[in-house]
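Below is one structure, written out as structure tokens; comments come after it.
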Amino acid sequence: MQTLNTPLKRTTVAVWLFTHLLATGSAHAGERESLEQLRATTTNLIELLVQEGVLSKQKADALLQKAAADAKQATQQAEVSDDVKNEVSKAMDEKTVRVQYIPQHVKQAMREEIEHDVMEKLNYKAGERLGVPEWIDRISFHGDIRLRGQADEFEEDNTDIFRLNDVNRNMNVLNSTDERRRARIRARLAADMQINDWLSGGLQFVTGQQTTPVTPNQTEGIAQGKYMFTLDRAFLHAKLNDWASVTGGRFANPFMYTDLLWDPDLAFDGVVAHVTPKFNERWSAFGTVGAFPIEEIESSVINKARDKWLYSAQAGIQWTAPNKSSVKLAAAYHDFKNVEGQLNTLGLRDYDDTAPQWRQRGNNTFDINANNLGASDPTIIGLASKFELVNLMAQIDLMNFDPVHVTFTGDYVKNIGFDKDEILQRTGNEYKEENEGYNFRIDVGNTSFLGPYVQNVNKHEWQVSLGYKRLEADAVMDGFTDSNFRLGGTNAKGWYVYANYAIDKNAWIGARYMSADTISSPTSLLNPANDPWKYSVDVLLIDLNARF
């Protein structure tokens with residue numbers, strides 16, 4: 001028996017059955033009851049098609065009248081002699097194909113399948129007509145709003161901003177001693193699109209300043225006018241099979257990571273391939289390879305700077321216990337190309353664009369324009385070190401107290417691109433080798449709050465975290481690391497405590513406290529004796545979050 005593959009075919013069969021069922025006047029009592037049920041279902045379906053304009057009222061009435069007439073004629077014909085009936089039955093046996101008995105549960109399943117397909121074709125959902133095109137069902141919207149109170153506490157004996165902004169380690173700060181209070185807001189609105197079975201995509205708009213890639217926070221203030229709401233995600237995601245995919249455009253961080261290397265709000269531009277092979281119920285692996293443009297530069301005979309790129313690869317393995325506890329290990333390599341500064345040629349400005357377009361604070365720096373010391377020649381800050389990072393991560397997630405998780409995370413990074421001799425030859429300056437960092441953290445509670453994008457949160461769910469971080473001056477690029485810990489950047493060490501509590505479904509309050517100090521000070525004209533710098537900052541964040 002062939003399968004009914006389309007809603008139209010199923011509807012046609014249902015109507016055909018209806019017309020013939022009306023004509024069946026001599027059925028037995030048990031059969032008549034089943035036929036009456038199917039007749040009622042088909043009648044309802046015809047009425048629904050009339051309501052939706054698929055079948056006109058006149059055609060439906062004509063169909064019902066013809067079926068009634070056929071039924072009357074069948075009743076009259078039922079009075080013919082047994083001999084005639086036998087002859088007719090014999091002829092039908094020769095010309096027709098008999099359908100086997102269909103059990104009641106099969107009939108019910110067929111009814112439900114036909115109804116679902118017809119409703120879907122007519123653009124119905126939950127019994128109500130949507131009245132919108134079919135493609136709208138392949139797009140889903142979501143977003144969140146965060147209201148934040150932020151307090152920045154500076155130590156009274158912090159070093160003054162003039163020494164902190166020394167050219168050899170420019171801290172890029174405007175304040176080092178006065179407390180600061182801010183009301184801030186973050187809003188995100190995203191759309192996920194399922195284009196077909198293998199291709200999907202996404203868009204996201206977010207608040208925040210257009211000059212920073214690491215924070216979507218908008219400081220509140222009536223006088224500043226309207227908030228900026230700009231495109232922060234735009235990507236296509238191709239699913240090659242169950243364990244391999246490729247993503248291109250601007251998308252979320254594709255790596256296993258902590259905020260030691262990357263700020264949670266940092267977006268990646270470029271293309272990335274991701275694989276997640278599973279060996280058995282206990283062992284699986286993951287791998288990520290990508291190429292990401294950082295800054296495009298129009299090189300020429302008067303501009304010798306080159307495009308800045310990031311090339312990355314990460315591989316990891318995961319073991320899962322019977323109770324869903326897991327251990328995850330990962331190793332990554334991140335190679336930043338052409339991000340180091342280069343001295344301008346005497347009398348020229350041919351390497352100005354080797355200066356970073358965006359930076360926070362902490363990396364060792366120098367004046368790219370040091371060869372040009374005229375009164376009209378500006379100071380241009382460039383990065384002293386190259387950046388070629390090796391990153392190791394380990395995470396243990398214990399499910400012994402399910403649904404409460406106890407998670408231990410360790411993260412280590414080393415910039416193997418730091419080379420004192422190469423830096424001295426390129427910049428004319430000598431710097432200490434400070435190129436390592438680590439982060440240890442423990443999280444206890446529900447996993448809904450972990451990661452930059454909190455998923456569905458239920459009332460009374462909670463999570464607390466405690467950690468310690470140390471990130472030396474040239475361990476990573478200061479422009480892309482966490483923007484909250486000591487107000488962003490490297491050359492910082494300290495403790496942090498986080499807490500979250502859901503006051504209702506998809507609504508929660510959060511608090512973060514971070515206390516950080518400077519690790520080291522540079523030797524320079526402004527600091528010839530290598531006197532210790534001090535730039536200690538305590539940051540308190542109180543958040544009210546809502547997700548929709």
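Summary of values
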quantity	calculated
Single match in PHE440, PHE480 (criterion: of a type outside the set (A, V, I, L, M), at pLDDT 95 or above and open to solvent by less than 50 Å² (accessible area, probe 1.4 Å))	PHE480
Selection from segment 155-176 of residues that are part of a helix (DSSP H, G or I) and surrounded by 14 or more Cβ atoms within 10 Å (Cβ to Cβ)	ILE161, ARG163, LEU164, VAL167, ASN168, ARG169
Subset of segment 455-466 [surrounded by 18 or more Cβ atoms within 10 Å (Cβ to Cβ) and closer than 23 Å to TRP262 by Cβ]	GLN463, SER465
Unmet criterion (only one of (1) at pLDDT 95 or above; (2) among the hydrophobic types (A, V, I, L, M, F, W, C); (3) in contact with a Phe, Trp or Tyr (Cβ under 7 Å, 6 or more places away or on another chain); (4) outside any strand (DSSP E or B)) for VAL457	(1)
Residue in segment 219-232 that is touching a Gly at 6+ places or on another chain (Cβ under 7 Å), under 24 Å from ASP269 (Cα atoms), open to solvent by 20 Å² or more (accessible area, probe 1.4 Å) and not hydrophobic (A, V, I, L, M, F, W, C) present	no
Members of segment 492-523 found to be over 15 Å from ASN439 (Cβ atoms) and in a loop (DSSP other than H, G, I, E, B), listed by number	LYS505, ASN506, SER520, SER521, PRO522, THR523
Pairs with Cβ under 6 Å, 6+ apart, first in segment 221-234 and hydrophobic (A, V, I, L, M, F, W, C), second surrounded by 15 or more Cβ atoms within 10 Å (Cβ to Cβ)	PHE229/PHE205; PHE229/THR207; LEU231/PHE205; ALA234/LEU203; ALA234/GLY249; ALA234/ARG250
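Results for (1) of a type in the set (A, V, I, L, M, F, W, C); (2) touching a Leu at 6+ places or on another chain (Cβ under 9 Å); (3) closer than 23 Å to THR320 by Cβ; (4) surrounded by 14 or more Cβ atoms within 10 Å (Cβ to Cβ), shown as yes or no for each residue.
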| position | (1), (2), (3), (4) |
| --- | --- |
| LEU392 | yes, yes, yes, yes |
| ILE396 | yes, no, yes, yes |
| MET399 | yes, no, yes, yes |
| THR409 | no, no, yes, yes |
| TYR431 | no, yes, no, yes |
| GLU436 | no, yes, no, yes |
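The values are calculated or read from the model by the stated rules, or taken from the named source; none is laboratory data. Model, not experiment: these values are computed from the prediction. Using ideal geometry, Cβ is built from the backbone for each residue, glycine included, and neighbour counts are taken over all protein chains shown. Areas reflect the complete protein model, heavy atoms only, side chains present, ligands, DNA and RNA absent. Shrake-Rupley method; radii C 1.70, N 1.55, O 1.52, S 1.80 Å.
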